[in-house]
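Data block below; observations after.
The values are calculated or read from the model by the stated rules, or taken from the named source; none is laboratory data. The structure displayed is predicted, hence computed values, not measured ones. We place every Cβ from the backbone using ideal geometry, glycine too, and count neighbours over all the protein chains shown.
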Amino acid sequence: MSAADATRLAAPAGGPPPVPALAVRNLSVGFGSQTVVRGVSLELAPGECLAIVGESGSGKSVTARSLLGLAGAGAQVSADELSLTGESVLGLSESAWRRRRGRDVGLVLQDALASLDPLRPIAREIGDSLRLHTRLDGAERDRRVLEVLAAVGLPDPELYAGRRSGELSGGQRQRALIAAALALDPPLLIADEPTTALDVTVQAQVLDLLEEIRDRGTAILLISHDLAVVSRIADRIAVMHDGRIVETGTPNEVLGHPSHPETRRMLAAVPVDKPRGSRLAPVIATQPPPATEQIDDAERLFVAERTRAATGMTPATGSDLALEGIGLNKTFRGPHGTVQHAVADVSFSLPRGRTLGIVGESGSGKTTTARLALALTAADSGEVRLLGEPWSALPEKQRRARRRLVGAVYQDVLASFDPRLSVREILRHAVAVAAPDVRDGTNRRAGEARVGALLNDVGLSPTLLDRRPTDLSGGQRQRVGIARALASRPQILICDEPVSALDVSVQAQVLDLLDELQRELALSLLFISHDLGVIQHVSDQVAVMHAGRIVETGSAEQVFAAPTHPYTQALLAAVPRLL
Amino acid sequence: MSELEITAAASARPGDQDDQQDGRPGSPSSGPRARPSVVEIAAGLLALFLLVAAIAPRLLAPGDPLAIDPLSAFGAPSWSHWFGTDESGRDIYTRVIDGARDSLVIGVSATLIGLGLGAVLGTVAGTLGTAVDFTVNRFLEVLFAFPGLLLALLFILVFGPGAGSAIVAVGLSTAPGYARIIRAQLLRVRSSAFVEAATVQGLGRGRILARHILPNTLAPLLVLGTLGVGQAIVWAAALSYLGLGAQPPAAEWGAMLAAGRTYITSAWWMSFFPGLFIVLTAVCATALGRAIERRMRHA
Amino acid sequence: MAEPLTDARSTGGQRVRRLGARIGWPLTRRIGGAVFVLWAVATLTFFAVRLIPGDPAQAILGGPGSQTSPEALAAVRAEYGLDQPVIVQYLAQLGRLATGDLGRSYALNMDVGPLVLSQLGGTLLLAVLALTVAWILALGLATWSTGRGRVARRIGSGLEIVAAALPHFWLATTLIVVASVWWGILPPISTADARGLVLPVLTLAIPLAGFLGQVMRESLTTALESPFVLSARARGEGERGVLWRHALRHAALPAIGLSGWAFGSLISGAVVVETVFARPGLGRTLLNAVTVRDVPVVIGVVMVVALAYILMTILSDLASRLADPRPTTSTAGGAQ
């Protein structure tokens, strides 16, 4: 029970209701001819946490910033009512706003590394509010800074006060950021995606902290795209879509019985606890497939290629393991002679036609493992085998011919495209690598047809062919990336955080696509991610990585239902669930 | 680092990484179909004017640049002589227009030499392995210890003054700067994600080099060259001004400035107008270079 | 790495120690590199000079065309060691340089060492003053024109571009014309007093200011749009506070790193400026030496300039590291 509930119960019936920490009626914000926020109304009591949830572009961040008068240059803000702790802030002058910012309302942004001045010690950053709004002298300010740091749970504040944000860990940084916003104990705290850049375990700690702050009486306006995070500490949830609030209610109401289609869509897209193979996103109508005749030509070409490549493998000893890692070790040398064990004695096996999910937080070594699997880096010791044959042990010249059997899907898909090329050229090149006939232009038509077929496979329209990847949306780009990976008809797809940069609903579409493709093309998938929900949804087998080692493996059901290793248990306990 | 390197670093950065989740098109002030600004239009017109001056000077200045008229020597700017006359009565406007060819030829040649040499050095450093890279780097470092004009002066010391010397001198002085830019770009491209993606696809090193690395590395050359021409003209003119480049009575702008130096207090127009044209050319080149860079950055 | 602090403000001694660790090893390497560069410069210049056509002995005696007797030539050759094999001359030259003996001028009747030292002060004074003025101008323009709307930004940016493109020789003559001929407030030829410094320093400072300004403007704009500035504003910081406490330091970082190069370009510009304003200095000395092919003086000036430039580069690197203590990211892909 939150402080708000307690207050409500304790107050005698008929007594004056507490002054709302925040009251907004009919807020609209526009930039030029574009209206970004339409008719938003909110009310927040002290000690209550209201969460605004929405996807990017829904207007939630602009709403939050408008509540501080920081909507941005050229913003036209209008509202029937806009008040902080009972005092109206409509049409305030800039200097009047400045008096209120930091004192009556605090702001916590995403990613403390960018939200705290990296060149200044955190003590200074935190002390700024004190300097601006109080008359405390230097020594008193320092004392208060240490108090605040202790209050946000930073151990040994004296130790860390003089450091810069870059010298602290992710969790410590975020606490310092929260401390900076709370230095003057404002009645309202606005947190815009405060946990998005954090590891799951650290996220849980920060959420605990926010809960504590709320229980002490501070009202919190929490902005997030993540329904699960929000359901943990929000007393009420407001769903925003296209600048409007489309649904409000308690977490039970909104998440348990959503009424608005937008809310339902967002809920359906969350992969946590969704069984393997279930659809996350609604089906979208796809283009009719291109003329069958051309497809057949191309198909024949590529089936021939693939058989040729496959017969390079000895079929008799055909292993049922698509990809296998055996005792891999990789260390990196740091700038001051420090040694970093990125990957230590890692072994994994990906059965044919299945999905192996490798999950770990940042620094766990999962990306290095992906690079080892792709043979982009050489391991210090250990081996990777592909379809039962040596893979990492081969010299690059020999391995090159087999690379067409492995496709890769990347997190930063835009960076993986040559910036000078259009979608057509990217795909055409990818097709040409796999088929020499197409490469030397003798079978141009087949190449073109193949490109068309690839686009169709990933659900994209041919109108996108002549665009540049920078002109596409995040979801479209990743589909092109998948299309490129499929160009050589690989048997194995290695996906390194393929959906981490996407909105939940777009993520859902891409995950569905990967699932579909896996079934149609009998692909074996190595899926690497930090997102436990995603891993649970897509994987048959799971391997949990921590500090360069695999601490637990097993089937997805096993690991998620009954984890044996303490780290896995801690990880799963920290994941916010949707109720 | 030189001025060009800063600009090159800017043009090498990928376009704005605002995550376009909903496929919002790029802003209208950049990209291949960007609207030209007033400054760019003006720069374009000026460039056109200079080109015509270089190719067909008589179109813009029908008089005879060598026509001596001692009676009207040291004439201030007037309707008959827009830019005044010099110590021999020659019309300065005509000489300035004539000088365009000399100055542009010198500037463009010097830039081509510098770019060519620099591109070769930079590419060699970036592609032939660490030992070569280290050696070339040390070599460049030494050259950089001769700041600005000094290297050019050293060259002139050895080979004597003259327009030809000036071209080679300026070219050699600018080459290390270009080499460093190209090398940095090459290294950036080599370690980029799309080159890795090409490796994963199974492309051989040679194909990757030819198809991905080199085109992306040499892409900023156009911008660099345009910016460089402005700088080269200024430097060559500086050498001429010091008496070490093109010699009078050549109508090269720097030489005209040198000749006008002695009369600075009495006939300021002799130095002012040639100098003005040098500045205008340099600014024009900068504006054009940036215009190209803006369009290429989001292309 | 960072040592634990006993209270929120670290003691002076601990700060110094942290500083030393931050710069110690890299500094030693830099000094080693500097020695190498100096040696290479000396070598390059030595062999470049040998390419000069003509007989150096004759040049010493008065240049080509002067009547010289074979005995006089022989005497000169012996005196200057010109009859020795190349390698011996080269090593002798290196030895002399290492002990600071820069030889004797061909044209002027004095040792190069004292000559260069006497001229060094003038040029250094110009360079340091010009660098300071350039920084002030660049900072001033950048702060005035940011956050004031698009028009101010365009004007500021335009001014910087034009300023950076101004050649020293033209700017000098224009300033002379404006300030001396038209307004009559400053002397056209440099006098020995402070008034004589104004125009030369301005001539050097304005183009550099244009360039530094462009660099700073870009980082200033980036800094002003960054999340930490938003956080500062959310705490109630006003525009001035944002600028001075946060944005300017970030904006100045690249410009600080460029100061070494800027110094070099100022010395290069001093060649023209000293000539135009008839000021004593290394630039004018060098120019005269090149014109009459006075080789020892050229070598001497080049060596001193190289030394000064290297020192400035090291200093500017140190200043950079002090201003921005963040470690540079390594490229060898850390663990993920």
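Observations, loosely collected:
- Matching residues in the stretch A:19-30 - criterion: being surrounded by fewer than 16 Cβ atoms within 10 Å (Cβ to Cβ) and modelled with pLDDT under 90: A:Val19
- Members of the stretch A:499-517 found to be among the small types (Gly, Ala, Ser) and either over 20 Å from A:Gly407 (Cα atoms) or surrounded by 23 or more Cβ atoms within 10 Å (Cβ to Cβ) (or both), listed by number: A:Ser505, A:Ala508
- Residue, farthest from the chain's Cα centre (by Cα), within the stretch B:115-136, restricted to residues that are within 14 Å of chain C (Cβ to nearest Cβ) and surrounded by fewer than 14 Cβ atoms within 10 Å (Cβ to Cβ): B:Thr130
- Selection within the stretch B:263-286: residues that are within 13 Å of the chain's Cα centre (by Cα) and more than 7 Å from every other protein chain (Cβ to nearest Cβ). The member of this set that is nearest to C:Trp182 (Cα to Cα) is B:Leu280.
- Which listed residue is surrounded by 15 or more Cβ atoms within 10 Å (Cβ to Cβ) and more than 11 Å from chain B (Cβ to nearest Cβ), from A:Leu421, A:Leu405, A:Leu414, A:Leu394: A:Leu394
- Within this structure, A:Val506 fails the test of being out of contact with any Lys or Arg (no Cβ under 8 Å at 6 or more places or on another chain), without any contact (Cβ under 8 Å) to a residue 60 or more places away in the chain and in a loop (DSSP other than H, G, I, E, B).
- Condition met for C:Ala75 (within 22 Å of C:Val215 (Cβ to Cβ), in a helix (DSSP H, G or I) and among the aliphatic types (A, V, I, L, M)): no
- Qualifying residue in the stretch A:204-218 (condition: of a type in the set (Lys, Arg), buried (at least 20 other Cβ atoms within 10 Å of the Cβ) and touching a Cys at 6+ places or on another chain (Cβ under 6 Å)): yes
- Top-ranked residue of the stretch A:445-475 - restricted to ones that are β-branched (Val, Ile, Thr) and farther than 21 Å from A:Ser488 by Cβ, ranked as nearest to the other protein chains (Cβ to nearest Cβ): A:Thr470
- Among the conditions (1) within 14 Å of another protein chain (Cβ to nearest Cβ); (2) at pLDDT below 75; (3) in a helix (DSSP H, G or I), C:Ala34 misses just one, which is (2).
- Unique match (being small (Gly, Ala, Ser), outside any loop (DSSP other than H, G, I, E, B) and modelled with pLDDT under 55) among A:Ala344, A:Ala310, A:Ala322, A:Ala316: A:Ala310
- Residue match in the stretch B:179-193 (condition: more than 23 Å from C:Ala308 (Cα to Cα), without any contact (Cβ under 8 Å) to a residue 24 or more places away in the chain and either among the aliphatic types (A, V, I, L, M) or part of a helix (DSSP H, G or I) (or both)): yes
- Test: residue in the stretch B:244-262 that is assigned to a helix (DSSP H, G or I) and farther than 24 Å from B:Tyr93 by Cα: no
- Residue pairs whose Cβ atoms lie under 6 Å apart, sitting 6 or more positions apart in sequence or on different chains, and linking a residue in the stretch A:115-132 that is within 19 Å of A:Ala191 (Cα to Cα) and of a type in the set (Ser, Thr, Tyr) to a partner that is at pLDDT 90 or above and part of a helix (DSSP H, G or I), are A:Ser115/A:Leu177; A:Ser115/C:Pro227; A:Ser115/C:Phe228; A:Ser115/C:Ser231.
- Restricting the stretch A:109-126 to residues that are among the small types (Gly, Ala, Ser) and either within 8 Å of chain C (Cβ to nearest Cβ) or farther than 27 Å from A:Thr63 by Cα (or both), the residue that is farthest from the chain's Cα centre (by Cα): A:Ala123
- So B:Leu153, is it in contact (Cβ under 8 Å) with a residue 24 or more places away in the chain, out of contact with any Cys (no Cβ under 7 Å at 6 or more places or on another chain), within 8 Å of another protein chain (Cβ to nearest Cβ) and crowded, with 24+ Cβ neighbours inside 10 Å: yes
- Search result, residues across the stretch A:444-495 that are among the small types (Gly, Ala, Ser) and within 17 Å of A:Leu414 (Cβ to Cβ): A:Ser473, A:Gly474, A:Gly475, A:Gly481, A:Ala483, A:Ala485
- Among the candidates C:Ala179, C:Ala192, C:Ala209, C:Ala205, residue that is modelled with pLDDT of 85 or more and closer than 19 Å to C:Thr275 by Cα: C:Ala205
- Criterion: at pLDDT 90 or above and buried (at least 23 other Cβ atoms within 10 Å of the Cβ) - qualifying residue of C:Ala255, C:Ala247: C:Ala247
- Taken over the stretch A:99-112, residues that are among the hydrophobic types (A, V, I, L, M, F, W, C), out of contact with any Ser or Thr (no Cβ under 6 Å at 6 or more places or on another chain) and at pLDDT below 90 amount to 0.
- The single condition among (1) in contact with a strand residue (DSSP E or B) (Cβ under 8 Å, 6 or more places away or on another chain); (2) assigned to a helix (DSSP H, G or I) that A:Gly475 does not meet is (1).
- The combined condition, being within 29 Å of the chain's Cα centre (by Cα), more than 10 Å from chain C (Cβ to nearest Cβ), among the aliphatic types (A, V, I, L, M) and surrounded by 15 or more Cβ atoms within 10 Å (Cβ to Cβ), is fulfilled by A:Leu372.
- Residue match in the stretch C:212-226 (condition: at the interface with another protein chain (Cβ under 10 Å from one of its Cβ atoms), among the aliphatic types (A, V, I, L, M), within 22 Å of A:Ala176 (Cβ to Cβ) and free of Cβ contacts under 8 Å to residues at least 60 places away in the same chain): yes
- Given (1) of a type outside the set (Ser, Thr, Tyr); (2) more than 8 Å from chain B (Cβ to nearest Cβ); (3) surrounded by fewer than 19 Cβ atoms within 10 Å (Cβ to Cβ), index of the condition C:Val177 fails: (2)
- Qualifying residue in the stretch C:288-300 (condition: in contact (Cβ under 8 Å) with a residue 60 or more places away in the chain, buried (at least 24 other Cβ atoms within 10 Å of the Cβ), more than 10 Å from chain B (Cβ to nearest Cβ) and not in a helix (DSSP H, G or I)): no
- Residue among C:Gly283, C:Gly264 that alone is in a helix (DSSP H, G or I), touching a residue at least 40 places away in the same chain (Cβ under 8 Å), within 29 Å of C:Thr43 (Cβ to Cβ) and touching an Asp or Glu at 6+ places or on another chain (Cβ under 7 Å): C:Gly283
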